[in-house]
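The values are calculated or read from the model by the stated rules, or taken from the named source; none is laboratory data. Here the structure is a predicted model, which means the values were calculated and not measured. Glycine also receives a Cβ, built like all others from the backbone with ideal geometry; neighbour counts cover every protein chain displayed. Areas reflect the complete protein model, heavy atoms only, side chains present, ligands, DNA and RNA absent. Shrake-Rupley method; radii C 1.70, N 1.55, O 1.52, S 1.80 Å.
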Amino acid sequence: MSDVENDEVLVDYAQLLGKKSKKPKRGEKANISNQLDQEQLIKSRQALFECITQKVAIPKNASQGQLNASFPYYTTITKSKGTHLHTMGFSHQGAITLFPEEAAFLVARNALTVTQHDLDPIQFEDYCQLMCECCDGWITFDRYQVYAYLKRLGYIVMRSKKLPIATNPQTEKEPSTPSLFKLFFDTITHWIQPLQNRPLVWDYRYTGYPQIYSTLQIIPSSPWYRPFYSSLCPTFDWDVYKPRPGWKKKDPGEPDFRVVVKSMHEPMPTLYEHNQYFSQLIGISNVNYKPPLKNTELGLLAPTFVMALVGDAEGITFLRLTGDGVDDVSSIETFSQKKRRNKTG
């Protein structure tokens with residue numbers, strides 16, 4: 001049987017409702033068979049609509065919540081049941097509060113009933129519309145799809161916290177205050193030689209070229225670019241943890257994976273953006289990313305994160321991105337020397 005014939009086979013959705021369809025008896029005419037096929041098609045469509053609109057009974061162990069009708073559209077838990085809330089939500093004004101994506105996930109799994117102004121329960125479709133239109137300004141439907149996918153796999157997923165930007169140690173030193181004698185001596189020297197050896201910075205607070213370049217903001221003074229403004233640096237979307245008995249919501253610790261969500265229709269991040277992501281992961285081990293990379297300079301200390309590409313109908317594709325060797329040339333040489341010593345020893 002060809003693929004075309006397979007596509008034309010009628011799917012009987014009436015079987016989902018436990019209804020039996022009539023089959024033509026042996027020896028009946030072809031027009032009667034065609035008439036029965038049309039009737040079966042109509043009944044199958046009606047059964048499909050009944051399955052879609054059929055309401056599933058909410059289990060007794062489902063939690064209850066109240067949706068806030070204003071920004072940022074959080075859901076406050078009024079009655080907690082089950083173990084879902086052990087790894088979800090946060091405390092706000094003494095009550096357990098859920099982000100929109102967390103409430104939508106629990107509503108879709110019939111683990112939570114949400115109402116607004118004591119009206120009819122809010123459906124999953126209402127949360128989808130909320131996330132696509134307004135919501136809290138951060139969550140999108142693409143991010144929710146990645147969130148729900150990872151939750152269904154059993155991971156603990158939380159909104160990523162902003163990481164500090166790694167900077168060059170030379171630029172972190174506080175400038176030393178010059179003495180009065182040095183200022184007086186330099187002033188006399190500049191009077192004698194006014195056109196020679198003029199300093200780039202008049203107040204003498206900067207003693208090295210890296211500090212001067214970071215002040216002028218002409219070019220980066222580090223082999224791996226660190227952005228001057230951390231507020232403009234892109235952040236990760238999800239912190240993902242493997243389920244473990246000792247995990248605590250108040251103190252989750254270092255995540256096992258960090259995920260950035262992108263659409264299939266968006267261009268891949270530029271090298272500039274990759275460097276900004278990698279600059280937030282300096283010194284963080286990538287031991288949880290499997291399989292481990294081989295023949296790399298930085299090894300387990302190579303900055304690594306996951307990019308989730310969301311398509312229209314293709315599902316979600318996960319890519320692992322590693323910035324091996326882009327931290328600093330001196331650090332690579334140090335790792336190479338250690339490896340040589342270990343081999344010779």
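Annotations
- Exposure ranking of Ser160, Ser63, Ser80, Ser91 by accessible area [1.4 Å probe, largest first]: Ser91, Ser80, Ser160, Ser63
- A simple rule links phi to the HN-Hα coupling: the Karplus curve 6.51 cos²θ - 1.76 cosθ + 1.60 with θ = phi - 60°, which for the stretch 101-106 gives 5, 5, 5, 5, 5, 5 Hz, with x for Gly and Pro.
- Under-5 Å amide H pairs with Phe305, H placed in peptide plane, nonlocal only: Leu321
- The listed residues His92, His265 rank as His265, His92 when sorted by accessible area, largest first, using a 1.4 Å probe.
- Cα-Cα over 30 Å, subset of Lys81/Lys161; Lys81/Lys250; Lys60/Lys290; Lys250/Lys290; Lys161/Lys290; Lys250/Lys294: Lys60/Lys290; Lys250/Lys294
- Whether the stretch 63-139 is rounded, prolate or oblate, judged on the alpha carbon gyration tensor where a/c under 1.5 counts as rounded: rounded
- Database remark: amide H of Ile96 closer than 5 angstrom to the amide H of Ile77 (H placed geometrically; neighbours at sequence offset of 5 or more, or on other chains; Pro and chain starts carry no H).
- Restricting the stretch 59-161 to trypsin sites (Lys or Arg not before Pro) in coil, as DSSP defines it, with at most 11 other Cβ within 10 Å: Lys60, Lys161
- Here the simple spin-label model places points 7 Å from the Cα toward Cβ, and for Asp312 and Lys182 these points are separated by 6.5 nm.
- Beta bridges per DSSP with both ends in the stretch 63-139, % antiparallel, nearest 5: 70
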